[in-house]
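Chemist: Before we start, here is the structure in question, set down as structure tokens.
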Amino acid sequence: MQLIGVIPARLASQRLPQKALAEIGGEPMILAVWRRARRVLDRVILAVDGPELAALGRAAGAEVVVTDPALPSGSDRVAAALEALNLRPDAVINIQGDQPFLAEAHLRALCGPVGGAPVVTLAAPLADPADPARVKVVCDGRGRALYFSRAAIPHGGPYRQHVGLYRFSPDALARFVAAPPSPLERIEGLEQLRLMEIGVPIDVIDVDEPAFSVDTPDDLSEARRRAAAGG
């Protein structure tokens, strides 16, 4: 089976502009993510929004595709990279560019045997559901997602935090980018709800630990502290 990883990255991040270039552990965050992904996947592509990130990636030896800076989501950027390279792998893994301590176990979970859904993602136990930045997911008995929300769902728990890596079939990714933003997607600010609203099922695999994402200046300070302490 051919699996390809794509890391979408842009400089115009709303909450933390230019975070892809933020230095963590002596290198820009986007390269820290790329190096960790390469430990698991043979082919990892950077899908970037302009020449600055492209030059950085190529200087490090990464395969780079420059995509339209106006694309609305990381998944759109992943699809654009596959189209530019005329690739149709069995599956593509959308790797978040703001996870500088990307866990190999998370990637390996998406590379192994998965359920029958065309999209697969991850979830980890969550003790405190109050933070709306921590997206919660509720699944049925098969492990298929029923809903994602920033609210504390299900009422009373147990709570599971969504870990934002996605394994797409090419057809599912194409359906996503062809559809307009959906009503629930707009309400929650969660693009995966578009998939559910257009009838694309999502399987959820349990992992032990959540991912650490850099979204704010405080997150960046914590990432640098962790890197200095050995990651």
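Chemist: Consider residue 145 carefully, then state whether it is surrounded by 13 or more Cβ atoms within 10 Å (Cβ to Cβ) and over 14 Å from the mean Cα position of the chain (by Cα).
Modeler: yes
Chemist: List every residue pair whose Cβ atoms lie under 7 Å apart, where the two residues are 6 or more positions apart in sequence or sit on different chains, the first residue falls within region 73-89 and is among the charged types (D, E, K, R), and the second residue, located anywhere, is in a loop (DSSP other than H, G, I, E, B).
Modeler: Listed by first residue and then by second, the contacts come to 77/67; 77/71.
Chemist: Among (1) surrounded by fewer than 17 Cβ atoms within 10 Å (Cβ to Cβ); (2) of a type in the set (D, E, K, R); (3) in a helix (DSSP H, G or I), where does residue 215 come up short?
Modeler: Result: residue 215 passes all but (3).
Chemist: Kindly indicate the residue of region 192-216 that is in contact with an Asp or Glu (Cβ under 6 Å, 6 or more places away or on another chain) and either modelled with pLDDT under 95 or among the polar types (S, T, N, Q) (or both) and also farthest from residue 109 (Cα to Cα) among those meeting that condition.
Modeler: Result: 214.
Chemist: Here is a list: 184, 173. Which entry is under 15 Å from the mean Cα position of the chain (by Cα) and either part of a helix (DSSP H, G or I) or without any contact (Cβ under 8 Å) to a residue 60 or more places away in the chain (or both)?
Modeler: 173
Chemist: Next question. Across region 14-39, what is the number of residues that are touching a residue at least 60 places away in the same chain (Cβ under 8 Å) and within 17 Å of residue 78 (Cβ to Cβ)?
Modeler: Within region 14-39, residues that are touching a residue at least 60 places away in the same chain (Cβ under 8 Å) and within 17 Å of residue 78 (Cβ to Cβ) number 4.
Chemist: Restricting the first residue to region 198-225 and requiring it to be over 12 Å from residue 120 (Cβ atoms), which pairs with a second residue that is aromatic (Phe, Trp, Tyr) meet a Cβ separation below 6 Å and a spacing of at least six or different chains?
Modeler: Qualifying pairs under 6 Å: 212/101.
Chemist: Could you check, for region 196-208, whether at least one of its residues is assigned to a helix (DSSP H, G or I) and not polar (S, T, N, Q)?
Modeler: yes
Quick grid of which residues meet (1) of a type in the set (Ser, Thr, Tyr); (2) within 25 Å of residue 91 (Cα to Cα):
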| site | (1), (2) |
| --- | --- |
| 123 | no, yes |
| 128 | no, no |
| 142 | no, yes |
| 149 | yes, no |
| 154 | no, no |
| 157 | no, no |
| 166 | yes, yes |
| 200 | no, yes |
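Chemist: For region 59-72, which residues satisfy the criterion of being exposed (fewer than 13 other Cβ atoms within 10 Å of the Cβ) and touching a Gly at 6+ places or on another chain (Cβ under 9 Å)?
Modeler: 69 - this is the single residue of region 59-72 that is exposed (fewer than 13 other Cβ atoms within 10 Å of the Cβ) and touching a Gly at 6+ places or on another chain (Cβ under 9 Å).
Chemist: Within the group 165, 190, 220, 146, which residue is in a strand (DSSP E or B), under 20 Å from residue 13 (Cα atoms), hydrophobic (A, V, I, L, M, F, W, C) and touching a strand residue (DSSP E or B) at 6+ places or on another chain (Cβ under 9 Å)?
Modeler: Criteria check complete, one pass: 165.
Chemist: Specify the residue that is surrounded by the fewest Cβ atoms within 10 Å (Cβ to Cβ); the eligible residues are those in region 73-106 that are closer than 18 Å to residue 31 by Cβ and of a type in the set (D, E, K, R).
Modeler: This residue is 104.
Chemist: Could you check, for region 125-140, whether at least one of its residues is modelled with pLDDT of 95 or more and loosely packed, with under 13 Cβ neighbours inside 10 Å?
Modeler: Yes, some residue in region 125-140 is modelled with pLDDT of 95 or more and loosely packed, with under 13 Cβ neighbours inside 10 Å.
Chemist: Of a type outside the set (Gly, Ala, Ser) and either within 17 Å of the chain's Cα centre (by Cα) or surrounded by fewer than 16 Cβ atoms within 10 Å (Cβ to Cβ) (or both): does that describe residue 56?
Modeler: Judged against the criteria, residue 56 is not a match.
The values are calculated or read from the model by the stated rules, or taken from the named source; none is laboratory data. Here the structure is a predicted model, which means the values were calculated and not measured. A quick note on method: Cβ atoms are made from the backbone with ideal geometry, for glycine too, and the neighbour counts reach across all protein chains shown.
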